[in-house]
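Undergrad: Below is the structure I would like to discuss, written out as structure tokens.
The values are calculated or read from the model by the stated rules, or taken from the named source; none is laboratory data. This one's a predicted model, so the numbers in the text were calculated from it and none came from an experiment. For neighbour counting, all protein chains shown are included, and Cβ atoms are generated from backbone atoms with ideal geometry for every residue, glycine included.
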């Protein structure tokens, strides 16, 4: 009842209060980098970032909004495609120097693999290096968030997926292991419970993020 009262009170107010955000793999950094600009427009909003992605979070109010690669079939959950994430398979130059560069997905059977294992089966679809092979591949290390996934790859722990990042490749921090492989695209949804449809802070954040993703980088044509 208190939650419903807060929603009614907020409906006709200016955007303010705490925004509890669930993010998908690799998106936290990109969002955090734009928070200062958002705060200039809406100085009365503060943030809590959550790393787990469970639908009950939206139902009980633990999460206000999610930017996640998970599609729910729940009529109470509103989802709008915000952008498509492009995944590539990466490894650090030091790892490839020591272990050689695989020529095909099947060659990964001889390599250490970095795997996302966050517990949400839908999110685990980002493990594109585990798909389309009949071999039992060695999961050298499992991580449960995007920052750990990035760090594991940069430190040369193995081969794994990550959201396309032109600067990491340009600066020779990571190598696109299969440069001729087609891009793997995963839609990210702006997600919230329908009871928050009229929330000023949800509306403000959605409109802001629509502008942000317009300038997020896309791969250069080969």
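Undergrad: Among the residues of segment 53-75, write down those that are under 13 Å from the mean Cα position of the chain (by Cα) and not in a strand (DSSP E or B).
TA: First, the residues of segment 53-75 that are under 13 Å from the mean Cα position of the chain (by Cα): 53, 66-70.
Matches in segment 53-75: 53, 69, 70.
Undergrad: Within segment 76-94, is even one residue at pLDDT below 95, outside the structural domain of residue 193 (by TED's automatic domain parsing), part of a loop (DSSP other than H, G, I, E, B) and closer than 18 Å to residue 138 by Cα?
TA: no
Undergrad: Going through segment 57-70 one residue at a time, which ones are modelled with pLDDT under 90 and within 19 Å of residue 210 (Cβ to Cβ)?
TA: Residues satisfying the conditions are 68, 69.
Undergrad: Do you know which residues across segment 110-142 are part of a strand (DSSP E or B) and at pLDDT 85 or above? Give the steps one after another, and end with the answer.
TA: Kept after step one, since they are part of a strand (DSSP E or B), are these residues of segment 110-142: 113-116, 139-142.
Result: 113, 114, 115, 141, 142.
Undergrad: Taking into account only those residues within segment 20-45 that are over 23 Å from residue 144 (Cβ atoms) and not in a helix (DSSP H, G or I), which is modelled with the lowest pLDDT?
TA: 34
Undergrad: State whether one or more residues within segment 102-109 are on the phi > 0 side of the Ramachandran plot, surrounded by 15 or more Cβ atoms within 10 Å (Cβ to Cβ) and at pLDDT below 95. Even if it seems obvious, please write down each step before you answer.
TA: Going residue by residue through segment 102-109, those that are on the phi > 0 side of the Ramachandran plot are none.
The answer is no; no qualifying residue exists.
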